[in-house]
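Only one structure is covered here, and it is reproduced in the block below.
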There are 2 protein chains.
Amino acid sequence: MELTQAHRDALQDILLWRRDVRHFLPDPVPQDVLDRLRKAMDFAPSVGNARPWRVLHVKSTKRRNAVIQNFEAENAKAAKLYQDDQRAAYNALKLAGLREAPVHLAIFTETEPDAGHGLGRQTMPEMLNYSTVAAIHTLWLAARAENLGVGWVSILDPKAVAQALDAVPNWQLTGYLCIGKAASDDDTPLLHRNAWQANAMTKWQEI
Amino acid sequence: MELTQAHRDALQDILLWRRDVRHFLPDPVPQDVLDRLRKAMDFAPSVGNARPWRVLHVKSTKRRNAVIQNFEAENAKAAKLYQDDQRAAYNALKLAGLREAPVHLAIFTETEPDAGHGLGRQTMPEMLNYSTVAAIHTLWLAARAENLGVGWVSILDPKAVAQALDAVPNWQLTGYLCIGKAASDDDTPLLHRNAWQANAMTKWQEI
């Protein structure tokens, strides 16, 4: 299958306009779109073809509130690491759209799956988690192509969240995602735009 | 930026025809293509916009040979985990194209970067490694759109490889990639095709 300049241009648009979204509109996401996002994950690479990602679609208000409370507690703790102006800058950032986003997904990694029969993960067991990350990134790009935003919330205690969601014991929380229509589009990361951390170009060093 | 059905179709082609490639042709990859792959990594998501990926483009035959030797030793150890028919099946798999692939990249994660000022990684420090995985996956898709294959070699001792490549002490090996023209195209994972591990569809469980 020979891919074309049109494929490269389309991928470039999707990559350029993908953001970590924290400002969502409350519009619901139609079920057929969610189905397509779910299917997109099937195309992610995984070690030993183990596909160790496990997804909880969190609809219960009670469970969502537990996640929001955990985020708020951990975010308050994180703010205390900074002093003076930097703490004020941190507190001015909006770091999650958990209250507004219509869709919440908790994405776990099964740590001892039978699938794959251990192939490719003896020396680097973290390859299972990395497979799940690739599945999250695949979903993220597919969502952007559907004109939906995704926000990855990492300011959470992963064990507390797993417990609040009654996750299976050998599931490790890899990412907690908010999905919905973004309030606005941007081709520049918000943390660059608001001067928290400027973009830096990738360098390759030859050896 | 409103993306279209053409974007979604193009992404689907790229995802469907992306493989973990172990059979490479020796054709060199032009420098302008490598430059585009390097730039594609700039568009990966990263925690705190920290962009913690560090890339060594391994050209030295001596260093490549050290990596190949490490792969062969670790692969022989891994084979011993299996018995009888399964061991024979494992040994029949070709799990890396290190000898043929024209381009080798060793991709590390800087574990304590200043960039990002710690944002988003207090409770989940693994977010730095996950950012690097997203950058690897971004490069992988960009490579496929350029009609190049990528193989992620994880049957390596990450510390031994970092040492063989004289990596900076706080760099952790996240992925070792082979890049080049694939010997053939396929829309199905090789481990499914050769019956090591069948594909499984992603499920979402509502809670």
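The values are calculated or read from the model by the stated rules, or taken from the named source; none is laboratory data. Nothing here was measured: the structure is a model prediction, and the numbers come from that model. Don't worry about glycine lacking a Cβ; one is built from the backbone with ideal geometry, like all the others, and counts go over all protein chains shown.
Test A:Ile68 against the criterion of being more than 7 Å from chain B (Cβ to nearest Cβ), assigned to a helix (DSSP H, G or I) and not basic (Lys, Arg), and give yes or no.
Yes; evaluated as a whole, the condition is true for this residue.
For segment A:101-207, give me every one of the strands (runs of 3 or more DSSP E) that falls completely inside it and has 3 or more residues that are modelled with pLDDT of 95 or more, over 18 Å from the mean Cα position of the chain (by Cα) and at the interface with chain B (Cβ under 7 Å from one of its Cβ atoms).
Counting at least 3 such residues, we get A:204-206.
Is there a residue being closer than 19 Å to B:Asp185 by Cβ, in a helix (DSSP H, G or I) and of a type in the set (Gly, Ala, Ser) anywhere in segment B:44-53?
Checking segment B:44-53: not a single residue is closer than 19 Å to B:Asp185 by Cβ, in a helix (DSSP H, G or I) and of a type in the set (Gly, Ala, Ser).
Hey, among B:Arg99, B:Arg121, which residue is basic (Lys, Arg) and in contact (Cβ under 8 Å) with a residue 40 or more places away in the chain?
B:Arg121
Residue by residue, here is whether (1) β-branched (Val, Ile, Thr); (2) more than 17 Å from the chain's Cα centre (by Cα); (3) farther than 26 Å from B:Asn199 by Cα holds:
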{"position": "B:Trp17", "(1), (2), (3)": "no, no, no"}
{"position": "B:Asp42", "(1), (2), (3)": "no, no, yes"}
{"position": "B:Gln83", "(1), (2), (3)": "no, yes, no"}
{"position": "B:Leu93", "(1), (2), (3)": "no, yes, no"}
{"position": "B:Arg99", "(1), (2), (3)": "no, no, yes"}
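Give segment A:1-43 a look and list any residue that's out of contact with any helix residue (DSSP H, G or I) (no Cβ under 8 Å at 6 or more places or on another chain), surrounded by fewer than 16 Cβ atoms within 10 Å (Cβ to Cβ) and outside any helix (DSSP H, G or I), or say none.
A:Glu2, A:Thr4, A:Leu25, A:Pro26, A:Asp27, A:Pro28, A:Pro30, listed by residue number.
Looking at A:Ala78, is it under 18 Å from B:Val47 (Cα atoms), modelled with pLDDT of 95 or more and within 7 Å of chain B (Cβ to nearest Cβ)?
yes
Just one of the numbered conditions (1) out of contact with any Pro (no Cβ under 9 Å at 6 or more places or on another chain); (2) under 21 Å from B:Ile136 (Cα atoms) is not true of A:Thr174; which one?
For A:Thr174, the exception is condition (1).
Please go through (1) closer than 26 Å to B:Val58 by Cα; (2) facing chain A (nearest Cβ under 8 Å) for B:Phe24 and return the number of the only condition it doesn't satisfy.
(2)
I need the full set of residues from segment A:27-48 which are more than 8 Å from chain B (Cβ to nearest Cβ) and farther than 19 Å from A:Leu177 by Cα, in order please.
A:Ser46
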